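S.K.: My questions all concern the structure below.
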Amino acid sequence: MAEFTRLQNCLALIRLRNPPVNAISTTVARGIKESLQKAITDDTVKAIVICGADGIFCAGADIREFKVHKTFDIQLGDIVDEIQRNKKPVVAAIQKLALGGGLELALGCHYRIAHAEAQVGFPEVTLGILPGARGTQLLPRLVGVPAALDLIISGRHISANEALKLGIIDKIVNSDPIEESIKFAQRISGQSSQELQMTSDMVADKSSALGPPKGYTSKATIEFFFYLTVPGLCCGM
Ligand SMILES: C[C@H](O)[C@H](C)C(=O)SCCNC(=O)CCNC(=O)[C@H](O)C(C)(C)COP(=O)([O-])OP(=O)([O-])OC[C@H]1O[C@@H](n2cnc3c(N)ncnc32)[C@H](O)[C@@H]1OP(=O)([O-])[O-]
């Protein structure tokens, strides 16, 4: 599930809870969607923080459901789009791990604050799939195409420090990233909506060089990954 808490000072907190690694199951996705709706439609909420329960952000889609469902009625990509469309700033507080869909959820947020010992990555390739919830579009916008390809193709986890250097994370803390994110959200929620709009417009202008932000992975990219990940076919390259 995802727990919605209305905090003091015009903030809302959305906490993913699905032991042991807060994976995004159908129930968690529904919880995030409903919590976002509550926060977005409540005029007294000025900023939102997303975090995970029990000291871990999220290890991605719930792989236990892969055997059960062929299609999912709630798509994580749509949730990421919803966060990006939303005018209220959303901060991801990353403790321990943000992997796969968990990292995609964090990339959809406007700011990411991580604990110094956290790790992030896209391990999808180890399951024979690609990041399917906007990660292939959002990561290159932040770090450039070569670094994004390296992370997506290798599936490796990187440290918070490397993620900070690449620009995936905005700030590293040694204290509780949830508390830090709440303080940060409180600070930026004091900015006028005009200032926030100017900032998000500047980010949109900068990333427009990489083409439209939405949509699925292009056919060419899928073919490229297919060749790289199917051993027999790599020989032909
Ligand atoms: C939309 C998006 O684009 C796409 C489509 C996706 O997001 S696809 C999904 C992408 N995510 C992954 O591929 C993450 C896979 N997991 C790992 O890499 C590791 O597990 C770990 C997170 C680094 C922890 O390692 P660990 O060594 O500390 O402990 P563990 O013993 O391995 O794992 C501890 C417990 O957590 C369970 N677990 C781990 N990851 C899980 C997951 N994603 N879903 C459900 N359960 C998971 C695992 O089965 C075990 O359970 P139990 O046995 O205790 O009952």
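Every number here is computed from the coordinates shown, using simple stated rules; none is lab data. Owing to the predicted nature of the structure, the values given are computational and were not obtained by experimental measurement. Backbone-built Cβ (ideal geometry, glycine too); neighbour counts: all protein chains shown.
S.K.: What pairs in K33/K165; K38/K96; K38/K88; K67/K96 have C-alpha atoms more than 21 Å from each other?
M.R.: In this structure, K33/K165; K38/K96; K67/K96 lie more than 21 Å apart at Cα.
S.K.: The range 1-52 to the range 88-107: how many Å between their Cα centroids?
M.R.: The two parts, judged by their Cα centres, are 12 Å apart.
S.K.: Now a separate question. Ranking request for peptides 176-185, 162-171: highest mean number of other beta-carbon atoms within 10 Å first, then the rest in descending order.
M.R.: 176-185, 162-171
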